[in-house]
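Here the structure comes first, spelled out in structure tokens, and everything after it is commentary.
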Amino acid sequence: MKKVLSLVLVALLALATLAIPAMAEGETFRIGTYFGITGGNSAYGIECRNAVRLAVDYVNQNGGFNGQKVELVEYDTQCSAEEAVKVATKLITEDKVDAAIGSMNSGEVLAAAPYFNEAGIYHFGCGTAASWMKEDWPYVFRAAMNNAFAVPIAANLMVDLGYKTIAIFNGQEEAALATANIFEETFKGMGIEVVARESYDAGDTDYSAQITKMMSANPDCILISVIGETGGPLVRQLRQNGYTGIILNKESFMDSQIEIAGAEASNYIAFANPYVTYKSVDDCDIPYMKEFLQRYLDAYGQMVKTDSAYRGWDTVMVMWEASKIAGSNESNALVEATHKVVIEGLGGTLDYTSGNREGYNTFNSFILVNGKNVLFKTWLEEGGYEAYLAETGNAK
Amino acid sequence: MFLRLLISGLVLGGIYSLIALGYSLIYKASGLMSFVQGDVMTLGAYLGLTFYRILGLPFVVSLILTVLCAFAFGMLLEKGVIRVLLNKNVLPIYVVLATIAISYIIQNGVQLGWGSITQYFPSVFSKSSVKVLSVSVQPEALLCVGASLVCMVLLHFFMTRTRFGTAMRAAAMDPTAAYSCGINVSMSTGITWGLSAGLAAIAGMLIGPMYGVYALLGSMIGSKGFSGAVIGGYGNMYGAMVGGILLGLAEVFVTGYISSTYKNLIAYILLITFLFLKPTGLFNERAIQDD
Amino acid sequence: MLTTDKVTVKFGGLTAVNQVSVHVEAHRITGLIGPNGAGKTTFFNCISGVYRPNSGSVIFEGNHIEGKKPYQVNRAGISRTYQIINLFKKMNVLENVLVGMHPRLKSGYLSDMFRTPSQRREEKAAYERAYEWLKFVDLQDHALDPAGSLSYGKQRLLEIARSLASTPKLILLDEPAAGMNSKEKEELDELLKRILELGVTVLMVEHDMKLVMGICHYLNVLSEGKLLAKGTPSEIQNNPDVIQAYLGGE
Amino acid sequence: MQKSLANNSLGKKLIAPIAILLALGMPLYVRGAEYPLMLACIIQLYVVAVSGLDILFGYCGQISLGHAAFYAIGAYGSAILHNNFGLPILFTMFVAATLAALVGAVLAIPASKLVFHFLSLATVAFGEIVYQFIVHSPGGITKDFNGIFSARLSIFGFEFSTYRLWYYFGLACVIVFLTAKYFLVHSKTGRAFTAIRENSHAANGMGINVRKYKVMAFATSAFYTAFAGAMYIHLVGYVHPDTFLRKQSVLFLTMLLFGGTGSLTGPILGVISVELLIESLRVLQDYQGFVYGILLLIVIVALPGGLFGGFKNVWNLLAGRLGKRRGGAGAC
């Protein structure tokens, strides 16, 4: 009996630590965040979290949300959808947050967003997959790019170049696979033939067999639709296995990836994206972006390496604008006000008036040449393509 | 396409071999299974890039330093954790779990130490690709094949021609008898763990320039390495080499001629098939007891 | 009851048991003796199904049992004890006997999981019978102790009780007296007689000549894997080959 | 004397586990304690899963580093049967768990001849193969890398829409599964399991068909863990394939070893302590994985009897001073 009692005691003690009374709802506006800070893709989560902190500091210095100071409640999802669900429940029921910003990994957003939607909490996701916005959750918004929107823009580059065949290489994660599928559809509609389609799983390191297979199909161009850090090693292996053609990427080829692939290998990667990354602040000539880059550099001592930082900043700015329009911090008011938001984001205009709860509806295409992202149009006009042919010795 | 696949298969196989060799050595010396080899490889890649890129040392010097560090790590692991557990006479599952705990520590530790973004490992060669029989390949790939061959040959000579290697083999075969012959058995198992870690670290340094360096670099290669070791005959040094290379070839040719969907499946299918149908492996190593 | 016909077991190049033919008479105690390494335990393992003989046959009550798995041999009615004690050390004494009763219990997986009334009745009866077996070998006071905590001699007794629990027709005892003191040996001698009274035939390997000569009805002598002699204890005692083997062997 | 020999004292044995679980339900009486309640629900389903592993490892002595695969079969099986065929949820849970038991049995037939390390390798390979099938499923039936949604639990039209309600369902499951486990391990079958763990050669000699019982242990264990997987999907409503990586199998094993093997209470205590550890490490943010690894290593090296094995030693020491207690009732 004593043993039983002692066991019960242990359990009660355990619960005491759990059942800490929910924190009092105070004078602050509480934004819950769930990012993957540890685990597979955490580099993106960390940059995004950093940018959100920066943005919140900025907002607080400039009056907060209708006078309320913003307070962040941060959790790590360990890049796991299961954890994301646990964290979402915690944010909703225990921390009782007023709004939430979600992960870079669309899988996590897909799992956690319905909880916020059900609870009627104003929520932004930072992943770029089309999937979770298809679910029609009225409380769920995005201030990042939707990969599906980039597809027609990027596919058009093929037409501009007069290319007829393409090989597709994709990852299996939601964002990569779904985007590759949309690409394939679009290409078919445009009369471009997909001559090879290869894939890899998360955790794979060696892609040479797939590359060999794609190259033996002899395509005009190769499309890569991968997520996270795979891009760098992939491009490196593509080039080292002898592929010299243009690479079409589903999104911008970021600075972290260029480092791994090497500057030379990263030449001639074309993509459509609202924004790009920069090697140094001075490389950037967009004033608003430059200001942000400097702010980030000052705060964290390093340059932004992935575009996830941009997504974090934009998200907070859109929320802030919505609060100004609504004049209230109540969730429903914020949701309604967001549909009226039109502001300048880091990648151009964020316009929510079309009612699809997406900010970036159109954007530019770029090509990476000698470590610099050049507007694709400019590059074509200035004879870049001819220079490329001459340099690589490729025909056509 | 065949030639290109063959080369890819050899590169991949060389890496698997180095990992599988580590498994086999450890099993031979101590009858244990380590789940940490893949992550030691990751650690090796991080150490290598620290010496080579961050400190700017020459590649060969970095390689030697990395191997020494990894060797020390392996020894420490055996002395500080494995030996302690064995002295407590625990079930072998605790040793397995301890190595898994260490692999968590490495995976998370390197992220804390080097940041979670993929690290760039600069090319060892100035040319980004070379032509072999009209096929362009990464020069690192050739280095990889060459270096793993050299490692295997060196290990063979070390084990068969040196006093030390003979002592180690004796200690592995019959610890009690070896002990009574004056061989320091505890030292020799320690060295075996160190050697295995060293081999994994070499593998890490070889693939770093090709794949980039990140925390989970070694986790999949580590678990596929088991497959190589079992194919060859778990505990057999030569079996591990051959098994690893066969695994690499199988994986690449399946991807090339069937579908990349089955790329990761093939290693585990081979692993389970061999365990069930031919547990002694190609080299008929009798390590796996029948019950 | 049990007859082996030219049983041969080889390990690699070594012939451990060479063409051994032995007959065990029902309701008798048959002894198997011989110097160390004569192949006695290997021969036992052959009967109980641990090894499959390379050639020859083992016939029990008219059925071939060579090559059967140990659990099948047990079900056929032969149970055994081991030279090196093979108890379930962390289970208690009573449970060890209950495991011995395993093949005689009818309950199945599902009735065990749902503890049906018939399973309950059977278990209750089984516990009572197991306790009876403990009384039989005088271990009832240790029923709830872990088997590993018993003294060496008592562990031997428990092994016998565990074997008897499966109600065998033939019991193979592998050196039951090893490690026992003289008082325990006397008790063993008495126990063997009681086992015989139960109608169980005994085949045993034993080194203690006093015990063997006193209780066995028949003896078989193995040396270097071959059957050297067989007969009643008095015949064996006077057999010159046996004397030679024992003197030469040790 | 004789009566007390038979292990019919189920009531007494279940006191401790039920007391702990009831205590765990305390948040039921605290308003707004949804999160602890959700954890309590997750703990309940983990208890079922880990109890299953305990039958296999704790009682039968067979190691598995692939139990995440059974967990996955339960979760996906139940979700797919419910989503695609509209079968009632409780039914799909049982069907999925039965399916997993069959898979477990089929795996165990060849695997049962392997011992320790190689059995663990075979189960690792099995886990990976199941994972690969989930992410490359024929016809995309598992939705591959997207993960799969399914409805929350409802029985005969009654919806367990809140954690509060689900808690009672979970409690019922735990009681049913623990009782079945108790019945099973204290029976002919359970004794055969333990005998195999203790000495498989002797078990064989005692008339136990070792392979058959190993297969049974695998199947039972798979059923438990798969049922827990089914509980999970109808609690959370969504699963992602990455939930079923080897990490999950290791987590089950860690929980079991933390709490102690071969008992009813062990898995409960193990699950609670590991879950609490993970929860309390959350505050460390970037360092949580690293610290978790180190704590795990320390516990393994310093207290190989499990966290509660360590406590038990201290307890026994104290109890021993107070007065010698009666000898334990063996493996229970």
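Data table
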read-out	value
Hz values of 3J(HN,Hα) by residue in region D:194-206 - Karplus curve (6.51, -1.76, 1.60), Gly and Pro given as x	5, 4, 5, 4, 6, 6, 5, 5, 5, 4, 4, x, 8
A:Phe29 long-range amide H proximity, modeled H, under 5 Å	A:Lys69, A:Val70, A:Glu71
Prolate/oblate/rounded call for region C:1-87, Cα gyration tensor, a/c under 1.5 rounded	rounded
Top of D:Ala195, D:Ala97, D:Ala217 by mean-square fluctuation, Gaussian network on chain D, Cα under 10 Å	D:Ala195
Chain C: C-alpha gyration tensor shape, a/c 1.5 cut-off, then a/b vs b/c	prolate
Antiparallel bridges, percent of DSSP beta bridges restricted to region C:103-235 (to nearest 5)	50 percent
In Hz, Karplus ³J(HN,Hα) per residue of region D:243-249 (6.51, -1.76, 1.60; θ = phi - 60°; x = Gly, Pro)	5, 10, 6, 4, 3, 5, 4
Formal net charge of residues neighbouring B:Met159 (Cβ-Cβ distance under 14 Å; K, R +1; D, E -1)	+4
Neighbour net charge for B:Thr255 - beta-carbon separation under 14 angstrom, K R +1, D E -1	0
Ellipsoid semi-axes in whole angstrom, largest first, where each is sqrt(5λ) of the Cα gyration tensor of region A:336-396	37, 10, 8
The protein assembly as shown, Rg to Rh (Cα coordinates; Rh as Kirkwood inverse mean 1/r)	1.03
Under Karplus coefficients 6.51, -1.76 and 1.60, residue-wise ³J(HN,Hα) of region C:225-231 in Hz, glycine/proline x	x, 10, 7, 8, 7, 8, x
Calculated P(r) tail over 21 Å for region C:88-166, as whole % of Cα pairs	27 percent
FRET E, pair B:Val130, D:Leu90, Förster distance 60 Å, beta-carbon r, rounded to 0.05	0.40
Residue among C:His102, B:Thr42, B:Thr66 farthest towards the positive dipole end of the protein assembly as shown, charges placed on Cβ	C:His102
Extent along principal axes [Cα atoms of region D:2-245; Å; largest to smallest]	55, 49, 28
Sites C:Glu197 and C:Ala125, calculated FRET efficiency, Cβ-Cβ separation with R0 25 Å, nearest 0.05	0.65
Computed over region A:141-244, Kirkwood Rh from alpha-carbon pairs, angstrom	14.1 Å
Long-range Cα-Cα pairs in region B:62-157 (distance over 18 Å), rounded percent	69 percent
Residue-count net charge about B:Gly13 - beta-carbon cut-off 13 Å; Lys, Arg +1, Asp, Glu -1	-1
Built amide H within the under 5 Å cut-off of A:Cys79, gap 5+	A:Gly36, A:Ile37, A:Thr38
Sequence-distant residues sharing a close amide H with C:Ser223 (under 5 Å, placed H)	C:Leu228
For chain A, accessible area per residue (1.4 Å probe, heavy atoms of protein chains only), Å²	34 Å²
Where only C-alpha atoms are counted, convex hull volume of region B:2-290 per residue in Å³	136 Å³
Value in Å of the Kirkwood radius, where region C:116-250 supplies the Cα pairs that are averaged	16.9 Å
Förster radius 35 Å - calculated FRET efficiency between A:Lys340 and A:Lys290 (Cβ-Cβ, nearest 0.05)	0.80
Chain B, relative contact order in percent, only Cα pairs under 8 angstrom and at least six apart counted	36 percent
Relative contact order (%) - region D:2-245, alpha-carbon pairs under 8 angstrom, separation at least six	39 percent
P(r) tail fraction, chain A - alpha-carbon pairs more than 36 Å apart, %	28 percent
Taking chain C and dividing mean pair separation by its residue count, relative contact order in percent (alpha carbons under 8 Å, at least six apart)	28 percent
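The values are calculated or read from the model by the stated rules, or taken from the named source; none is laboratory data. These figures come from a predicted structure and were not determined experimentally. Methodologically, a virtual Cβ is constructed for each residue, glycine included, from the backbone with ideal geometry; neighbour enumeration extends over all protein chains shown. With ligands, DNA and RNA removed, areas are computed over all heavy atoms of the protein, side chains included. Shrake-Rupley method; radii C 1.70, N 1.55, O 1.52, S 1.80 Å.
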